[in-house]
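Asker: This is the structure I want to talk about, given as structure tokens.
Each value in this text was obtained by applying a stated rule to the coordinates, not by laboratory testing. Just so we're clear, the structure is a prediction, and the values are computed from it rather than from any experiment. Every residue, glycine among them, receives a Cβ derived from its backbone with ideal geometry; neighbour counts consider all protein chains shown.
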Amino acid sequence: MPFEYPVVFTRDAFAAGNEALARALGDGPRRVHVLLDDGVARAVPGLGARIAAYARAHALELVAAPEIVAGGEACKNDPFAVAALQRRFFELRLDRHAFVVLVGGGALLDMAGYAAATTHRGLRVVRVPTTVLAQADSGVGVKCGVNAFGAKNFLGAFAPPWAVVVDGAWLETLPRRDRAAGMAEAVKVALVRDPLFFEWLEANAAALAAGDAAALDTLVRRSAELHLRHIATGGDPFERGSARPLDFGHWSAHKLESLSQHQLRHGEAVAIGIAIDAHQSVAAGRLAADDFARIVALLERLGLPLWHDVLALRDGGRRQVVDGIDEFRQHLGGELCITLLDGIGRAVEVHALDPHHVEQAIAWAEARACASATASI
């Protein structure tokens, strides 16, 4: 069954003269409910009133005033958040021809998207991602879900959106830490898909770290294009198999998020995971040491971490993060399949990790963190 949805790049999406969102909704009756990430609402005072004015200018029927919803990873960990939204959709009498417009970061898009996907077996969702990570990766894909039982994205669905509206102006409201965290997914997709994009990231690392708008727009657009190309042409958009190259660095990242009780941003955990799996690629004789050094240098120049203290947690002699390998296998639903690198831009799937190589990679990260801490004293 074919699926098709537009991903529109624009600026100032809720300006009265901008037709991108109205066009994405299509013709005919357009009953709309807008959910706003509370972080976005705080960063952009008066946003609800702007959205209401936009709806009047484009003859959209808002079924209620734009509603502020808790965002961030906490909303994906809240066992009552999805049910609360489902009840709200019921109270507003939303049907399968109604639209839910989600304005926020990746966590809100995941949680609220899951609530919409399980209401009437699927309301029409229009995503307006507001973070680098959501615009460059998760917000343009086909998945939604929440965390449960201590596991990342244990509950969820494949639910292609009706449309995605990517507005670069939102990135100007982000704290530096959140901008940097989102860039990790761009580094990841460059490493597994596009060596020229990786070279561009290296050349523009200083501008990206400084929050240059033009550089961020280019990063977001190219990363989104690569993610969409994989979904559309990779042969497995709903992940029925076990190979998931776009999850490079994620077996440890997901575990690090839970071990840190989500003190780590998702992108920060991915950056650590990239370094760990790139180091393993060198140990396995696949990746050149010089290329590994380039990867580490880029992550650091973008302001991304390579270590967190939860990596040192052990049960007896076993590092707790290593449990992420089996949890990842379960998440895949079959044979363990982890992506390593044969070079920058060249991914390879392996079905086992050498425990010694895993330990070496984490020990390298710890030694580097200790050396950095000593140098800063």
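Asker: May I ask what percent, to the nearest 5, of DSSP beta bridges between residues of the stretch 7-173 are antiparallel?
Answerer: Around 20 percent of the beta bridges assigned by DSSP in the stretch 7-173 are antiparallel ones.
Asker: So how do 187, 140 line up by other beta-carbon neighbours within 10 Å, fewest first?
Answerer: Final ranking by Cβ density, sparse to dense: 140, 187.
Asker: While we're looking at this one, here's another question. Rounded to the nearest Å, what's the spacing between the alpha carbon centres of the stretch 43-99 and the stretch 271-316? Just the number, please.
Answerer: First find each Cα centre; the distance between them is then 39 Å.
Asker: Given a Förster radius of 35 Å and the C-beta distance between residue 288 and residue 15 as r, what FRET efficiency does 1/(1 + (r/R0)^6) yield to the nearest 0.05?
Answerer: Efficiency, from the Cβ-Cβ distance: 0.15.
Asker: Which value, in debye to the nearest 20, describes the size of the charge dipole of the chain about its Cα centre when Lys and Arg Cβ atoms bear +1, Asp and Glu Cβ atoms bear -1, and nothing else is charged?
Answerer: Dipole size: approximately 880 debye.
Asker: Compute the acute angle (0 to 90°) between the alpha-carbon long axis of helix 250-259 and the principal axis of greatest extent of the alpha-carbon atoms of the chain; round to the nearest 10°.
Answerer: 80
Asker: Enter the angle in degrees (range 0 to 90, nearest 10) between the Cα long axis of helix 106-117 and the first principal axis of the Cα atoms of the chain, meaning the one along which they spread out most.
Answerer: 50
Asker: Most mobile of 342, 290, 326 per a Gaussian network model of the chain (Cα springs, under 10 Å)?
Answerer: It is 290.
Asker: Contour minus end-to-end for residue 148 and residue 67, with contour as 0.36 nm per residue of separation and end-to-end as the Cα-Cα distance?
Answerer: Gain on extension, residue 148 to residue 67, equals 26.7 nm.
Asker: Kindly write out, for the stretch 91-100 in residue order, the coupling ³J(HN,Hα) from the Karplus curve 6.51 cos²θ - 1.76 cosθ + 1.60 (θ = phi - 60°), rounded to whole Hz, with x marking Gly and Pro.
Answerer: 4, 8, 6, 6, 10, 6, 9, 8, 10, 10
Asker: Can you tell me the alpha carbon radius of gyration of the stretch 176-376 divided by the globular rule-of-thumb value 2.2 N^0.38 Å?
Answerer: The reported ratio for this selection is 0.97.
Asker: Comparing 307, 200, 251, which has the greatest mean-square fluctuation in the GNM of the chain with Cα pairs linked when under 10 Å apart?
Answerer: Of the options given, 200 has the highest mean-square fluctuation.
Asker: Would you look at the GNM of the chain, springs on alpha carbons closer than 10 Å, and say which of 233, 118, 339 moves the most?
Answerer: In the Gaussian network model the winner is 233.
Asker: I'd like the orientation of helix 47-57 relative to the chain: the angle between its Cα long axis and the longest Cα principal axis, in ° from 0 to 90, rounded to 10.
Answerer: The angle comes out near 50 degrees.
Asker: Can you give the % of DSSP beta bridges in the chain that are antiparallel, to the nearest 5?
Answerer: Looking only at bridges with both residues in the chain, the antiparallel portion is about 35 percent.
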